Amino acid sequence: MNKIWVLNGPNINFLGIRETGVYGNENYEELKAKIQEKAKEIGLDIEIFQSNSEGEIIDTIQQAYMDKVNGIIINPGAYTHYSYAIRDAIASVNIPTLEVHISNIHKREDFRHKSVTAPVCVGQICGFGNNGYLMALDAITNLI
């Protein structure tokens, strides 16, 4: 069974509270349940992690290497736009990684248009709301 980790960065735990016009009304627990249900349907061993701390995200990416994880789905949150440390962690583990964003970052503020993490990922899904995570599960399964 393929082992996939879903990593979420800052403020994702505030789904349903934070900017509902952008991120929707579904809360983080509901999102996790949808991800777990989809993973079960397609036969994935799934772990879901969220942190507001850059260092914890990096530690988790490195642990994925140690645990021989087959694929990573990551929503780095705001770290997308400036965390070269997360970018380097993704590059160093050589695990197929797919970047996900709930909103379409290319239709938002200018600073959100640039992702420093996307170039070391196999692809990016954005703008499909929380369903982007479900799309990512299918995509990462096809890649590994």
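Can you list the helices (runs of 4 or more DSSP H) lying wholly within the range 1-95 that have 2 or more residues being out of contact with any helix residue (DSSP H, G or I) (no Cβ under 6 Å at 6 or more places or on another chain), of a type outside the set (A, V, I, L, M) and farther than 23 Å from S115 by Cα?
The qualifying helices (runs of 4 or more DSSP H) are 28-41.
Could you check, for the range 103-121, whether at least one of its residues is surrounded by 19 or more Cβ atoms within 10 Å (Cβ to Cβ), at negative phi, part of a strand (DSSP E or B) and touching a helix residue (DSSP H, G or I) at 6+ places or on another chain (Cβ under 6 Å)?
Scanning the range 103-121 turns up no residue that is surrounded by 19 or more Cβ atoms within 10 Å (Cβ to Cβ), at negative phi, part of a strand (DSSP E or B) and touching a helix residue (DSSP H, G or I) at 6+ places or on another chain (Cβ under 6 Å).
So which residues in the range 11-49 are without any contact (Cβ under 8 Å) to a residue 12 or more places away in the chain and among the aliphatic types (A, V, I, L, M)?
Of everything in the range 11-49, those that are without any contact (Cβ under 8 Å) to a residue 12 or more places away in the chain and among the aliphatic types (A, V, I, L, M) turn out to be I17, A33.
When you scan the range 90-102, how many residues do you find that are over 14 Å from the mean Cα position of the chain (by Cα) and either among the small types (G, A, S) or crowded, with 23+ Cβ neighbours inside 10 Å (or both)?
Selection size over the range 90-102: 2.
Please indicate, with yes or no, whether at least one residue in the range 110-127 is of a type outside the set (A, V, I, L, M, F, W, C) and in contact (Cβ under 8 Å) with a residue 60 or more places away in the chain.
No, the conditions are met nowhere in the range 110-127.
Each value in this text was obtained by applying a stated rule to the coordinates, not by laboratory testing. The structure presented is a predicted model; accordingly, all values stated were derived computationally and were not measured. Note: ideal-geometry Cβ built from the backbone for every residue, glycine included; neighbour counts use all protein chains shown.
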